[in-house]
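Encoded as structure tokens, the structure appears first; notes follow it.
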Amino acid sequence: MSKVLFKNGVVMSCNDKLGDIENADVLVDGTKIAKVGSGLAADGADVVDATGMIVMPGMADTHTHMWETPFKGRIFDAWGMEYFTNIHPLVSYTNAEDVYAGIYAGAIESLSAGVTSIFDYSHCIRSSEHADAAMAALKAAGIRATFGYDLRGTDHSGKQALKPSEGRFSDIERVKGMIDNSPESLLRLAVCLSEVTNDSKERIAREIAFSRELGVRMSWHCNKAGEVTHLYKSGQLAADLMPAHGNYMTDEDIDYLGGVGGFLTTQPEAETYAGRRSMSMVARCHRRGVKIGLGIDVPVIMNYGLIAQMRLLFFLQRYMDGIVERHEGQFPITRREGVPTLSPRDILRFVTTNGAEANGVGDVVGQITPGFQADIVLLDTRDFGRGEGDPAGHIVTNSSLGDIHSVMVAGQFRKRDRKMIGVDMPKMLSERIAARDRIYQRAGEQPGKYNKTYWNWGASAVN
Ligand SMILES: [Zn+2]
């Protein structure tokens with residue numbers, strides 16, 4: 001087994017006992033972290049000089065629809081419901097080979113940005129071939145992936161081979177048979193549930209029972225008040241059920257979710273771009289013990305990678321805290337219990353330990369700890385220097401994607417010295433563009449043109 005020794009970096013272990021260690025080494029042996037300490041012997045290892053670099057755990061994206069990658073930038077200027085009217089109809093025109101090209105390109109871009117674990121909320125599965133293509137792309141990219149098989153079936157043409165909900169159970173069982181779902185496996189399975197509504201309660205109960213029987217985690221788009229409370233009161237809520245967004249969760253919802261040790265995945269840019277959603281749930285979740293993970297959600301606007309998401313959340317939360325303080329007559333603005341809500345360290349936890357747990361792999365990644373899988377990022381601070389104090393502050397407020405110097409997944413370099421390893425980059429890009437062009441041709445669409453809408457959808461129409 002090959003060994004790699006990262007020498008003399010600032011090791012941010014994200015492990016409470018180990019903490020941050022200046023001028024420290026990390027020895028990787030095979031797929032795992034063998035030792036963390038100072039002056040470790042090279043012992044035949046491939047030595048990487050990490051002087052002037054932060055050595056941190058690979059980051060975890062907890063909610064992204066990777067099949068949308070071919071449409072990068074399609075709705076930069078979107079507002080209101082324009083995502084739904086411009087992107088979801090494309091499902092009907094997206095074939096398995098297009099899914100492969102999109103997810104592969106998204107996984108490579110994620111790795112390049114320091115994301116080593118990703119929850120692919122795969123809601124373009126029209127047939128078994130679509131599911132197979134998604135899994136094959138995630139595998140080929142070498143990212144640690146949680147493949148979220150969507151039960152809804154978002155193809156509104158009625159022509160999809162796999163019908164929604166129970167119409168997909170046998171295909172999910174088939175997929176489960178192909179995946180080694182153990183914690184250290186690079187490809188794991190999750191199930192994405194139907195919308196929770198008054199009319200779907202029995203269907204949701206069947207979907208949850210089915211998923212628990214399979215032993216897989218679940219997520220769903222939680223866009224209404226009371227969904228979590230319903231799950232709790234019907235005896236179904238547990239930490240294996242992760243709401244996405246949750247902007248309309250009540251405090252009661254949040255208390256129940258925190259009570260079971262649950263997670264929320266939020267995507268700060270996606271919550272804010274369209275003007276439809278509040279972000280008050282972040283502070284309320286944080287104070288009530290819900291563990292938060294971040295994601296990018298839709299690559300049709302957002303860039304892959306979590307630095308932008310962390311930074312937006314940090315400043316947005318400060319802005320919201322300030323508004324609340326002013327409303328409550330707190331002058332002058334000063335620190336008090338629970339205010340400000342989030343520190344850079346809290347937010348870094350969202351993309352490391354919390355994110356790994358949310359993706360179901362918190363026992364094996366998310367920390368630089370001996371015995372854990374070696375998912376490691378080197379973040380370069382050599383040119384302009386690291387900010388003073390907590391390196392988490394540097395990452396959240398001062399770093400950029402261009403600083404992601406090297407990325408390792410399970411002991412394998414996926415990026416080294418700013419170059420992707422084992423990836424034919426021009427081929428990856430041309431295949432993504434070709435997939436887009438094929439889909440647009442079938443759908444009668446064109447790059448750079450999207451349809452603006454001017455009607456007023458109420459929040460109740462958002463599912
Ligand atoms: Zn989503």
Selection from the range 110-122 of residues that are part of a helix (DSSP H, G or I) and crowded, with 24+ Cβ neighbours inside 10 Å: SER110, LEU111
Subset of the range 287-313 [away from the ligand (no atom under 16 Å from the Cβ) and under 21 Å from LYS224 (Cβ atoms)]: ARG288, VAL290
So ALA140 fits all but one of (1) at pLDDT 95 or above; (2) at positive phi; what number is the exception? (2)
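Here is a yes/no grid of residues against (1) of a type in the set (S, T, N, Q); (2) within 16 Å of the ligand (Cβ to nearest atom); (3) closer than 19 Å to VAL260 by Cβ; (4) in contact (Cβ under 8 Å) with a residue 24 or more places away in the chain:
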| site | (1), (2), (3), (4) |
| --- | --- |
| GLU166 | no, no, no, yes |
| ARG188 | no, no, no, yes |
| SER194 | yes, yes, no, yes |
| ASN198 | yes, no, no, no |
| GLU207 | no, no, yes, yes |
| PHE210 | no, no, no, yes |
| GLY215 | no, no, yes, yes |
| VAL228 | no, no, yes, yes |
Quick one: which helices (runs of 4 or more DSSP H) sit completely within the range 298-384 and have at least 1 residues that are touching a Pro at 6+ places or on another chain (Cβ under 7 Å)? 307-327
Checking PRO332 against (1) assigned by TED's automatic domain parsing to the domain that holds LYS35; (2) at pLDDT below 95: exactly one of these is not met. Which one? (1)
Name the residues in the range 67-84 that are surrounded by 24 or more Cβ atoms within 10 Å (Cβ to Cβ) and either more than 23 Å from GLU431 (Cα to Cα) or within 11 Å of the ligand (Cβ to nearest atom) (or both), would you? GLU68
Lone unmet requirement of (1) touching a residue at least 60 places away in the same chain (Cβ under 8 Å); (2) in a loop (DSSP other than H, G, I, E, B) for GLY148: (2)
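Of all residues being closer than 21 Å to SER399 by Cβ and out of contact with any Leu (no Cβ under 9 Å at 6 or more places or on another chain) in the range 314-342, which is nearest to the ligand (Cβ to nearest atom)? Just the residue, please.
Going through the range 314-342, the residues closer than 21 Å to SER399 by Cβ turn out to be 314-319, 340, 342.
Keeping just the survivors that are out of contact with any Leu (no Cβ under 9 Å at 6 or more places or on another chain) gives 315-316, 319, 340.
Working: PHE315: 23, LEU316: 19, TYR319: 24, PRO340: 28 Å.
Ranking the candidates gives LEU316 first.
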Among the residues of the range 123-140, are any within 16 Å of the ligand (Cβ to nearest atom), surrounded by fewer than 24 Cβ atoms within 10 Å (Cβ to Cβ) and over 21 Å from the mean Cα position of the chain (by Cα)? no
Quick one: how many residues across the range 101-122 are acidic (Asp, Glu) and more than 16 Å from the ligand (Cβ to nearest atom)? 1
If the requirement is being within 29 Å of LEU401 (Cα to Cα) and either in the same structural domain as ILE404 (by TED's automatic domain parsing) or in contact with a Cys (Cβ under 7 Å, 6 or more places away or on another chain) (or both), which of these qualifies: GLY114, GLY148, GLY73, GLY142? GLY148
Return yes or no: is VAL282 crowded, with 19+ Cβ neighbours inside 10 Å, outside any helix (DSSP H, G or I) and among the hydrophobic types (A, V, I, L, M, F, W, C)? no
THR51 is checked against (1) surrounded by 17 or more Cβ atoms within 10 Å (Cβ to Cβ); (2) in the same structural domain as GLN412 (by TED's automatic domain parsing); (3) touching a strand residue (DSSP E or B) at 6+ places or on another chain (Cβ under 6 Å); (4) in contact (Cβ under 8 Å) with a residue 24 or more places away in the chain and fails just one. What number does that condition carry? (1)
Would a scan of the range 16-26 turn up a residue that is basic (Lys, Arg), at pLDDT 95 or above and outside the structural domain of PRO370 (by TED's automatic domain parsing)? no
What about ASP29, is it surrounded by fewer than 18 Cβ atoms within 10 Å (Cβ to Cβ) and modelled with pLDDT of 95 or more? no
Residue that is surrounded by the fewest Cβ atoms within 10 Å (Cβ to Cβ) [pool: residues in the range 236-270 that are charged (D, E, K, R) and more than 15 Å from the ligand (Cβ to nearest atom)]: ASP251
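The values are calculated or read from the model by the stated rules, or taken from the named source; none is laboratory data. Keep in mind it's a predicted model, so treat the numbers as computed, not measured. Virtual Cβ from ideal backbone geometry, glycine too; neighbours counted across all protein chains shown.
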